[in-house]
Amino acid sequence: MSNEEHTPSPTPEETPKTAEKQEHKKAPAYVPPDTKEKRQRSVFKYITILFAAAFVLMLLTFMMERRQNQQVVDSLNQSVSGLRESLSNAQTAQDIYEENMDMIQQINDLEAENKRLTEENNTLSSNQQQNTQAVEAMGWFWQINEAFVLGKYSLCRSLIDQMGSELAAALPDETVTDNGRFSPADRYQEIYDAVY
């Protein structure tokens, strides 16, 4: 006989128990990722894309309106020039008088149209400035919200101070989703009250 120890082979009853113990020791093949952070990122990307698209659309609308207004003003100037030329070519005093009255009426109409277009152009410029501020405010808001969620309150206060009250006032008052959550302005106020 040899000195080697002989290990008895497992009996058929022991084999399933051993296999079962080994299965319990194995780690699961797949561990699902943290979905909360993914959701926050996807919501942030979605809102950023929406604001960028809105800003681009407003900019395009402003540029098209401005070009159209310039064309109308040029057309009005040409019309006025044409009216002046026709006045100088009139044959009789009566014709000149009637044409003059018509031209005065047309000039008044054109000046009213020009005034309306100028006011519309000013309104579009103001809207574009407000939208630009809203986009910038949303950029600050997401940084502040992320710092608050991560518990970095001193960074949160610093970002709020850098953002300033003017941009905070530009945050949208309505939510763009129908999930019953806060609007950006309400969430900002909640964060502000929590850290100050």
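Here, each number is a calculation from the coordinates, and none is a lab measurement. Here the structure is a predicted model, which means the values were calculated and not measured.
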- line: The ³J(HN,Hα) series, computed from each phi in segment 153-162 with the Karplus coefficients 6.51, -1.76 and 1.60 at θ = phi - 60°, rounded to the nearest Hz and given as x for glycine or proline, is 6, 5, 5, 4, 4, 4, 5, 5, 5, 5
- prompt: Once phi is turned into ³J(HN,Hα) by the Karplus curve 6.51 cos²θ - 1.76 cosθ + 1.60 with θ = phi - 60°, what whole-Hz value does each residue of segment 113-119 show in order, with x for glycine and proline?
  reply: 5, 5, 5, 4, 5, 5, 5
field: For segment 38-195, alpha-carbon Rg over 2.2 N^0.38 Å
entry: 1.73
- prompt: Along each of its three principal axes, how wide is the spread of alpha-carbon positions in segment 38-107, in whole angstrom units, largest first?
  reply: 82, 15, 7
- line: Phi-derived 3J(HN,Hα) across segment 132-142 with the Karplus relation (6.51, -1.76, 1.60, θ = phi - 60°), rounded Hz, x for Gly and Pro, is 5, 5, 5, 5, 5, 5, 5, x, 5, 4, 5
